[in-house]
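Bear in mind that the values in this text are calculations on the coordinates, not laboratory data. Everything numeric here is computed off the predicted structure, so don't read it as measured data. Cβ coordinates were reconstructed from backbone atoms using ideal geometry, including for glycine residues, and neighbour counts include every protein chain displayed.
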Amino acid sequence: MNHRMIRMAGLFLLAAIVLSAASSRGVPDVAHAQENTQQHETISVSGQGTVFAEPDVAYIHFAMEARGKTANEAQRSAAEIFDKVKQVLLETFKAVPRDVQTTGFSVYPEYNYTEREGRVLVGYVAAHSVRVTWRNLQEVGRLLDALAAAGANRVDGVTFGTEKQDQYELEALQKAMAAAEAKANVLAAAAKRQVAGVLHITQDSVTAVPLYVDKMRVAYDAAAAGAAPETSIQTGQIEIRASVSVVYKMR
């Protein structure tokens, strides 16, 4: 019986030693974990910034459509019109060749429908679509009139943009950050606290809203050109918008 008690006492002593060693090793780890779980009191806000800029480039979209009894005839007619249009662009208006871009070319059959004969082939249509990058915005109306006179019989619209996009985006982002900081300061003051710094920033979006003059507006202005010296196109302003999300710490 005494041997049994001695053995149990030895087991209890060994367990106490093991527990003591584990506890001494675990204390620093637990303290470190508690230190890492401390979080700053934060404010999360969003900010928006907007910049209005004058456009410095226009993208003119137009096309030459030609008809013929055969696909080859329609295609040749479209090519002849394009030669005249290209001459106006490159020689009269001194456009840079790389700024004249074909955006589409198609030749398709054209049908007429009657109750007696149904669908009847009447010929073919060739359509050559072009985009011109034009930087002399004061001449956009005169250029449209010259293109129409040369044979461009479809205007799909004019888009005004800017080639200083990066510069305006940075300005919009600066305004967005300033707006976010102003919001954070107001919220912190309401809580009797102060903003102590930035913890995290996310750029949500940067968008530029181009100005677009659709083909109906251009067609209307071109029709009125008989009473006016040239087609009138107004450029307006471009809107560049940026938004950010910011997390601030407080003290």
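Show me the ranking of peptides 195-201, 236-242 by mean Cβ neighbours inside 10 Å, starting with the highest. Numbers along the way, then the final one.
Working: 195-201: 13.1, 236-242: 18.7.
The most tightly packed comes first, giving 236-242, 195-201.
Distance in nm between label sites at Val122 and Arg76, each 7 Å beyond Cα in the beta-carbon direction?
For Val122 paired with Arg76, the spin-label model returns 2.3 nm.
At 7 Å along Cα-to-Cβ for each site, give me the label-to-label distance between Gln165 and Thr50 in nm.
My value for the distance between the label points is 2.1 nm.
Under 18 Å between alpha carbons, and skipping anything fewer than 8 positions from Lys86 in its own chain: which lysines qualify?
Lys94
At 7 Å along Cα-to-Cβ for each site, give me the label-to-label distance between Glu181 and Tyr108 in nm.
5.5
Bin width 10 Å, origin at 0, all Cα-Cα pairs of segment 72-181: what percent of pairs per bin?
Taking every Cα pair in segment 72-181, the percentages come to 11, 31, 22, 17, 11, 6, 2, 0.
Determine, from the Cβ-Cβ distance of Thr133 and Asp156 and an R0 of 22 Å, the FRET efficiency 1/(1 + (r/R0)^6), rounded to the nearest 0.05. Don't skip to the end; give the middle numbers.
Working: r = 15 Å, r/R0 = 0.67.
FRET efficiency, Thr133 to Asp156: 0.90.
Quote to one decimal, in nm, the extra length available between Ala190 and Gln174 on full extension: 0.36 nm per residue of separation minus the C-alpha distance between them. Can you show the working numbers first?
On the way: separation 16, 0.36 × 16 = 5.76 nm, distance 2.47 nm.
Result: 3.3 nm gained on full extension.
What number comes out for the charge environment of Leu199, summing +1 per Lys or Arg and -1 per Asp or Glu over other residues with Cβ under 12 Å away? Kindly include the intermediate steps, with their values, before the conclusion.
Working: positive: Lys249; negative: Glu41.
Charge balance in the 12 Å sphere: 0.
Can you give me the long-range amide H partners of Gly157? Hydrogens built in the peptide plane at 1.01 Å from N, cutoff under 5 Å, separation of 5 or more residues or another chain.
His61
Counting just the Cα atoms, what span does segment 126-195 cover along each of its three principal axes? Round to the nearest Å and put the largest first.
72, 24, 16
Restricting to DSSP loop positions (anything but H, G, I, E, B) with no more than 15 other Cβ atoms inside 10 Å of their own Cβ, which GluC sites (Glu not before Pro) remain in segment 130-207? Mind dumping the intermediate values first?
Numbers: sites: Glu139, Glu163, Glu169, Glu171, Glu181; in loops: Glu163.
When the GluC sites (Glu not before Pro) of segment 130-207 are filtered for loop state and at most 15 Cβ neighbours within 10 Å, Glu163 remain.
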